[in-house]
Amino acid sequence: MSKFEFRVTKIGEGGKIWTHNIIIRADEKLNAFAKLEEIFPSSEYTHEFLQTC
């Protein structure tokens, strides 16, 4: 199982920017994206793939 690092960003009320780097364990990058989408839906957050750890 690999670790995939993503940056998750959300612009909140008043223009405040919330950004965190998240590491997700999965067997493939596509499965990691699916897990990320469950926790941080793309309707509210932007996702950026950073690296495989």
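The values are calculated or read from the model by the stated rules, or taken from the named source; none is laboratory data. This structure is a prediction, so every number in the text was calculated from the model and none was measured. Virtual Cβ from ideal backbone geometry, glycine too; neighbours counted across all protein chains shown.
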Tally, over the range 30-43, of residues that are within 18 Å of Cys53 (Cβ to Cβ) and surrounded by 13 or more Cβ atoms within 10 Å (Cβ to Cβ): 5
Qualifying residue in the range 14-27 (condition: modelled with pLDDT under 95, loosely packed, with under 11 Cβ neighbours inside 10 Å and more than 8 Å from the chain's Cα centre (by Cα)): yes
Of all residues making up the range 12-32, the number that are within 15 Å of Met1 (Cβ to Cβ) and of a type outside the set (Val, Ile, Thr): 8
